[in-house]
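Each remark here refers to the structure printed beneath this line.
What follows draws every value from the coordinates through simple rules; no lab data is involved. Computed from a predicted structure; not experimentally measured. Reconstructed Cβ throughout: ideal geometry from the backbone, glycine too, with neighbour counts over all protein chains shown.
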Amino acid sequence: MIDPFLLSMLITILASGIRFATSYIFAAIGETFGQISGVLNLGVEGIMLVAAYAAYFVVLQTNEPGLGLLAAILVGIVMGLATAFLSVTLKAEQGISGIGVYLFGLGLSDLLFRVTVKSVQTVKGFPNIHIPALSDLPILGPIFFQHNLLVYAAFALVPLAWFVLNKTTFGLQVRAVGQNPEAADTLGISVARVRYTTLTLGGALSGIAGASLSIALLNIFQQNLTSGQGFIAVALVYFGAWQPFRVMLGCLLFSMVNALQLTMQVNRIPIPADIALMMPYILTIVALIFAARQLVIQPAALTKPFERGE
């Protein structure tokens, strides 16, 4: 027999890990599309922050989480288009322009929050949806079937992303542009159009990632709410070798470690708090070391601007 306390703790860790993975999955899958098309977007964190604020502020004013999510998606699309303009049209160095988008998002979200809200307030978020019959299952019910809409949507996104990238004409174009944009161009594929599309899609998904924090998981907004999650999502794309299911596994691994350290602190397990807080980030470093071995299979044109005629 498993000790009831240990079983309860295990269920809490697994259920929390699944919830925590939501924002990582949305952001990382969006980044996967962009990277496969050849563009590295380091501005994911900034997009998440502005979208998280937009969702939070709309819900604060209307008490409608659906409208907040829509606002986050629109903000994500706009910032995705801005990123595409910098990286594709202006051909700016992708690392530098991405950091610029991040700093812009960090500063703008903080400024807007201090001007319009001023103090942390709780808002109405997406409620948990208990799937009939399945949510009542012992152990499995609380872990898998008692989450909010965005959690279910995040995990449904993974097979959808795999299908689009591997079984559709658009996915073939994305992969062609990321591997050999010159060849794709000679076949009549618009490299700029494909990259604009993937970066806009990535921006929208990053917007949903931000909203999942401010109006689904935490139901608050504060300065630097994302705490590096956007950068971790970028690292998880490398860790997952640009394959949606492997990216999802990386997201789950990171979120489970995060849930573990939070549970350890809540239950006052004798481990230094600083070490517990470091655990997810140590895992990120390990993931990056592992990802270094994957570079041989990265999209050949990743970070390389395309100039017709070169």
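Between LEU112 and ILE129, what length in nm is gained on full extension when 0.36 nm per residue of separation is reduced by their alpha carbon distance?
The LEU112-ILE129 span can extend by a further 2.9 nm.
Give me the number: length gained by fully extending ILE282 to SER227, i.e. 0.36 nm times residue separation minus the C-alpha to C-alpha distance, one decimal in nm.
Working: separation 55, 0.36 × 55 = 19.80 nm, distance 1.48 nm.
18.3 nm is the gain from fully extending ILE282 to SER227.
Short version: ³J(HN,Hα) in whole Hz for each residue of the stretch 133-143, in order, from phi by Karplus 6.51 cos²θ - 1.76 cosθ + 1.60 (θ = phi - 60°), x for Gly and Pro, what are they?
Result, rounded to whole Hz: 6, 5, 5, 8, 5, x, 6, 5, x, x, 6.
For the chain, what is the convex hull volume of its Cα atoms per residue in Å³?
It is 143 Å³ per residue.
Taking a temperature of 25 °C and a viscosity of 0.890 mPa s, what whole-number D in µm²/s does Stokes-Einstein yield for the stretch 58-115 with Rh from Kirkwood over alpha carbon pairs?
191
Largest first and to the nearest Å, give the Cα extent of the stretch 1-100 along each principal axis.
Extents along the principal axes, in whole Å: 63, 35, 19.
Classify the stretch 30-180 as rounded, prolate or oblate from the Cα gyration tensor: take a ≥ b ≥ c as the square roots of its eigenvalues, call it rounded if a/c is under 1.5, otherwise prolate when a/b beats b/c and oblate if not.
Taking the square roots of the gyration eigenvalues as a ≥ b ≥ c, the stretch 30-180 is oblate.
Two decimals is fine: what is log10 I(q)/I(0) at q = 0.13, 0.30 Å⁻¹ for the stretch 158-217, from a Debye sum with one equal scatterer on every Cα and no solvent?
The computed values of log10 I(q)/I(0) come out as -0.43, -1.17.
Between LEU137 and LEU90, what is the label-to-label distance in nm when each label sits 7 Å out along the Cα-to-Cβ direction?
5.0
Against the longest principal axis of the chain, how steep is helix 191-212, in degrees 0 to 90 to the nearest 10, with axes from Cα atoms?
It is inclined by approximately 10 degrees.
Taking a point 7 angstrom from the Cα of ARG308 along the C-beta vector, which residues in the stretch 160-175 have backbone N less than 20 Å away?
173-175
Each residue of the stretch 156-161 in turn: what ³J(HN,Hα) in whole Hz from Karplus with 6.51, -1.76, 1.60 and θ = phi - 60°, glycine and Pro shown as x?
After applying 6.51 cos²θ - 1.76 cosθ + 1.60, I find 5, 5, 4, x, 5, 4 Hz.
Using the Karplus curve 6.51 cos²θ - 1.76 cosθ + 1.60 with θ = phi - 60°, work out ³J(HN,Hα) for each residue of the stretch 224-237 in order, rounded to whole Hz, and write x for Gly and Pro.
6, 4, 6, 6, x, 5, x, 5, 5, 4, 4, 5, 5, 5
Hey, with R₀ at 22 Å, roughly what FRET efficiency would ILE220 and LEU103 work out to, going by the Cβ-Cβ distance, to 0.05?
0.45
Would you compute, from DSSP H runs of 4+ residues alone, the mean residue ellipticity of the chain at 222 nm, taking -39500 (n - 2.57) per run and dividing by the full residue count, rounded to the nearest 500? It would help to have the intermediate numbers written out before the result.
Values: 12 runs with 212 residues, N = 310.
Calculated mean residue ellipticity at 222 nm is -23000 deg cm²/dmol.
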